[in-house]
Amino acid sequence: MSSSRAVTVSAPSVAQQNPGVRLINLVVDPAAAFRGIADNPRWALAFAAAVALRFGSLFIFYRPSLTPLKLLAGVVFQVTTIMPALLLGSLVVTLAAKAWRVDVRWTPTFSIVAHVYVAYTLATIAVASIAGAVLPESTEIDLRNPPFTNVSWLIGDSGDVIVHRMLAELDVRSVYALVLLWLGLRSASADATRSPVAYVIATVAAIRIVGVVGMQLMR
């Protein structure tokens with residue numbers, strides 16, 4: 001008598017999501033981009049993408065002359081400016097998460113922040129490119145604060161500097177980044193309910209605004 005043996009083929013784990021696919025999903029399916037990030041928090045490709053985007057955008061908008069030495073110096077500069085920003089952002093998110101009892105480890109948090117940074121940079125380049133295409137050629141595009149992204153234009157250049165900077169923080173790119181951060185933390189902390197994660201996001205946003213105002217006051 002022949003016996004049959006059942007063979008079970010397990011589906012690929014979402015935790016093993018390819019880093020390249022995760023980057024693509026940032027644009028096409030943000031919720032899917034962060035699935036499994038707690039178990040597979042690889043961030044190196046996201047960091048490399050952030051450096052490449054920041055460095056490449058300089059050539060798109062400013063067209064500087066290029067030599068091998070300038071190329072190396074430019075890459076080193078981007079690495080040494082982006083990494084501290086990611087570390088500081090991850091620290092703020094981690095402390096806010098602990099304050100609201102959201103259980104998320106450091107490495108997934110850093111990976112989330114790195115991917116959010118990539119998405120924010122992509123959004124900035126996209127908006128600046130559109131602005132450059134529709135505005136007169138004489139218009140200077142500020143990559144840190146591109147046109148059409150915030151409401152600082154309501155008071156023009158003659159208003160209070162601090163108020164102007166706070167209005168500049170009401171930016172669609174910042175809202176987009178906070179939504180992605182919320183999705184990332186929800187995926188990285190499966191036991192967290194929506195309210196504590198929302199409190200973490202609100203805390204991060206408040207800290208950023210306080211930091212911006214503080215920087216303006218120290219000038």
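For Pro147, the conditions (1) over 23 Å from Phe55 (Cα atoms); (2) at pLDDT below 75; (3) surrounded by 12 or more Cβ atoms within 10 Å (Cβ to Cβ); (4) not basic (Lys, Arg) all hold with the exception of (1). Among the residues making up region 50-73, those that are in contact (Cβ under 8 Å) with a residue 60 or more places away in the chain and not basic (Lys, Arg) are Ala50, Leu53, Ser57, Ile60, Phe61.
Yes/no per residue for (1) of a type outside the set (Asp, Glu); (2) within 14 Å of Ile201 (Cβ to Cβ); (3) exposed (fewer than 13 other Cβ atoms within 10 Å of the Cβ); (4) in contact (Cβ under 8 Å) with a residue 40 or more places away in the chain:
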| residue | (1), (2), (3), (4) |
| --- | --- |
| Val75 | yes, no, no, no |
| Thr80 | yes, no, yes, no |
| Gly89 | yes, yes, no, no |
| Val116 | yes, yes, no, yes |
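When the residues of region 165-198 are filtered to those that are farther than 17 Å from Pro30 by Cα and in contact with an Asp or Glu (Cβ under 8 Å, 6 or more places away or on another chain), which remaining residue is modelled with the highest pLDDT? It comes out as Asp191.
Quick grid of which residues meet (1) surrounded by 12 or more Cβ atoms within 10 Å (Cβ to Cβ); (2) among the polar types (S, T, N, Q); (3) under 28 Å from Thr149 (Cβ atoms):
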site	(1), (2), (3)
Ala46	yes, no, yes
Leu53	yes, no, yes
Pro68	no, no, no
Thr94	yes, yes, yes
Trp100	yes, no, no
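The values are calculated or read from the model by the stated rules, or taken from the named source; none is laboratory data. Being a predicted model, the structure only gives us computed values, none of them experimental. For neighbour counting, all protein chains shown are included, and Cβ atoms are generated from backbone atoms with ideal geometry for every residue, glycine included.
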